[in-house]
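Asker: One structure follows; several queries about it will come next.
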Amino acid sequence: MAEIEYEVHPLFAEPLFRANISHAISDKQVEIIKNLKMVQNKSNLISEDLYIFNHKELKSIKNAVQKALDIYAKTVMGISQKLYPTQSWSLINQPNMGMHGHSHSNSIVSGALYYTDMPKPVASMIFDRHTTYQQLQLTPDNDKKNIYNTTMNVVTPKKGELIMFSSRLQHFVQANMSKDTRYSVSFNSFIKGKLGDLRDVNELRLS
Ligand SMILES: [Fe+2]
């Protein structure tokens, strides 16, 4: 019997934005963030201040994040509205601490910034394809995983790296199996500008 000739094309894709912004982070800022007052989160520690980008000492970091958000809005999303950071906070994962699975409500794009050396082995961020309950689990065989069927994707961050992703994506952080503390900063974002159309009576002005 003749072989079937076929093609498979990706219909849609999920973006993961990665940029090195180490040029915008000074040693002094690293110390400021490391020394923020922390409180207990579900499984790790979170800064008491949940708007850390408002610190004037962290202005260069906020500016670099804003530049990255501008690129994301323009080139990844292709929109004319402006993305801006809403809440921003620092996280500390001490040895054996990870972070439970979650997604970010009331936000469009979320980000994480890794401003120190990552303790080895580096605890990765794991993204889940599914954001809802799966009644059927059609899990691919390990040697048959591909971009169409994989249920998880692993992102291993580097020092100085800013990553951004859709806020609706479910993700968790592996337990920190090193002897050292794992530091990071996270933020949410929303849009400013106009959505919809005046004459179609679906206009929404966000400022
Ligand atoms: Fe998160």
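The values are calculated or read from the model by the stated rules, or taken from the named source; none is laboratory data. What you see is a predicted model, and the numbers here were worked out from it, not measured in a lab. Positions of Cβ are backbone-derived with ideal geometry, glycine not excepted, and every protein chain shown enters the neighbour counts. We work out accessible area using only protein heavy atoms, side chains counted, and drop any ligands, DNA or RNA first. Shrake-Rupley method; radii C 1.70, N 1.55, O 1.52, S 1.80 Å.
Asker: At 0.36 nm per residue, and after removing the present C-alpha to C-alpha distance, how many nm does the segment from Thr181 to His100 gain when stretched out fully?
Answerer: Fully extending the segment from Thr181 to His100 adds 27.4 nm.
Asker: Could you give the radius of gyration (one decimal) and Dmax (whole number) of the Cα atoms in region 1-41, in Å?
Answerer: Using the Cα atoms of region 1-41, the pair Rg, Dmax is 24.0, 70 Å.
Asker: If you project the alpha carbons of the chain onto the principal axes, what extent comes out on each, in Å, largest first?
Answerer: For the chain, the Cα extents along the three principal axes come out at 69, 56, 33 Å.
Asker: Please identify the trypsin sites (Lys or Arg not before Pro) of region 173-207 that satisfy two criteria: DSSP loop assignment and at most 14 other Cβ atoms within 10 Å. Which are they? Provide the component values of the computation, followed by the final result.
Answerer: Working: sites: Lys179, Arg182, Lys192, Lys194, Arg199, Arg205; in loops: Lys179, Arg199.
Sites meeting the loop and neighbour criteria: Lys179, Arg199.
Asker: Dividing the convex hull volume of the Cα atoms of region 114-179 by its residue count, what figure in Å³ per residue is obtained?
Answerer: So the per-residue hull volume is 118 Å³.
Asker: I've got another one for you. For the residue pair Ser60 and Asn146, what label-to-label distance in nm results when each label sits 7 Å from Cα along the Cα-to-beta-carbon direction?
Answerer: 4.6
Asker: Something else: Which entries in the list Lys34/Lys62; Lys42/Lys159; Lys120/Lys179; Lys120/Lys158 go over 19 Å, if you measure between the two C-alpha atoms of each?
Answerer: From the list (Lys34/Lys62; Lys42/Lys159; Lys120/Lys179; Lys120/Lys158), the Cα-Cα distance tops 19 Å for Lys42/Lys159.
Asker: Need the full-extension length gain, Arg168 to His130, defined as separation in residues times 0.36 nm minus the C-alpha distance. One decimal, nm.
Answerer: The span from Arg168 to His130 would gain 12.7 nm if fully extended.
Asker: Sticking with this structure for a sec: If the chain between Glu203 and Phe12 were fully stretched, how many nm would it gain, using 0.36 nm times the residue separation less the Cα-Cα distance? Show your work: numbers first, answer last.
Answerer: Details: separation 191, 0.36 × 191 = 68.76 nm, distance 2.74 nm.
Net length gain for the segment: 66.0 nm.
Asker: How much mean residue ellipticity at 222 nm does the chain get from its helices, if each DSSP H run of length 4 or more adds -39500 (n - 2.57) and you divide by all residues, to the nearest 500 deg cm²/dmol? Before the final figure, lay out the partial values.
Answerer: Numbers: 2 runs with 21 residues, N = 207.
After summing the helix terms and dividing by residue count, I get -3000 deg cm²/dmol.
Asker: A further question follows. For the chain, which whole-number percentage of the solvent-accessible area (1.4 Å probe, protein heavy atoms only) is attributable to carbon and sulfur atoms?
Answerer: Accessible surface attributable to carbon and sulfur in the chain totals 53 percent.
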